[in-house]
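Scroll down for the structure; my scribbles are underneath it.
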């Protein structure tokens with residue numbers, strides 16, 4: 001069932017809540033930069049929780065290509081993170097809300113969910129930052145030439161794969177905002193069970209970045225590599241494997 005709520009800026013956020021009658025637990029599943037709640041890999045994660053008796057909350061952040069307000073050009077980690085906080089705050093007033101809950105996020109959604117877990121560790125039962133952004137400093141090292149061109153021109157333009165025909169344009173100010181965020185300095189706070197998954201062909205948040213984060217975690221943790229998959233698990237077989245990895249992990253937490 002869809003809900004229409006307002007964030008702290010009075011912008012509309014569209015939230016999808018499924019399995020309200022479920023009593024096992026609560027999970028929030030968050031998309032990445034320019035993503036939306038119905039993307040197949042986001043749905044695969046949500047289905048894994050639903051099939052294990054969880055209530056699941058998915059939502060479109062503002063400034064993405066979903067149903068919520070805003071423009072993609074204004075997207076930042078800050079605005080995605082704040083929207084996550086506002087959705088969780090809203091959920092706190094619903095009869096189906098329960099703590100601690102599970103957080104799962106893809107890419108930019110991954111770093112947002114992990115940042116929330118670092119800030120409010122007692123609220124988070126378990127965390128699944130999938131193909132996550134770890135540190136923008138690491139990202140710079142991987143794509144230094146691209147970043148320099150972006151800074152020079154002021155804009156980065158890329159065609160959307162999820163929405164054919166759509167051009168994704170981001171100003172350099174997006175990267176300036178990103179530079180504020182790094183999961184590693186507060187990594188000790190992520191003591192809850194953590195699931196990490198990455199595609200072997202992921203060039204956006206590559207395996208080496210995921211290993212850096214994984215090795216820094218001190219609690220119960222596991223990391224899986226989906227062979228042949230890119231950043232967003234676009235093949236049916238990749239999505240099925242992602243869903244099965246989640247289902248196995250959920251049973252352990």
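Data for the structure
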{"item": "Cα-projected label distance for residue 149 with residue 98, points at 7 Å along beta-carbon direction, nm", "result": "5.0"}
{"item": "At R0 = 35 Å, FRET efficiency that the Cβ-Cβ distance of residue 10 and residue 227 yields, to 0.05", "result": "0.15"}
{"item": "Kirkwood hydrodynamic radius (C-alpha pairs) into Stokes-Einstein, region 1-157, 37 °C and 0.692 mPa s, D in µm²/s", "result": "205"}
{"item": "Computed over region 113-253: relative contact order in percent, which uses C-alpha pairs under 8 Å that are six or more apart", "result": "27"}
{"item": "Full-extension gain in nm, residue 179 to residue 247, via 0.36 nm per residue minus C-alpha separation", "result": "21.1 nm"}
{"item": "Over the chain, relative contact order from alpha-carbon pairs under 8 Å, at least 6 apart, %", "result": "18"}
{"item": "Descending semi-axes in whole angstrom, ellipsoid equivalent of region 137-249, from the Cα gyration tensor", "result": "27, 21, 11"}
{"item": "Region 187-230 - Rg over Rh from alpha carbon coordinates, Kirkwood radius", "result": "1.01"}
{"item": "Region 171-253: relative contact order in percent, alpha carbon pairs under 8 Å with at least 6 residues between", "result": "30"}
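Read the figures in this text as sums done on the coordinates, not as results from a lab. Model, not experiment: these values are computed from the prediction. Neighbour counts run over all protein chains shown; Cβ positions are idealised from the backbone, glycine included.
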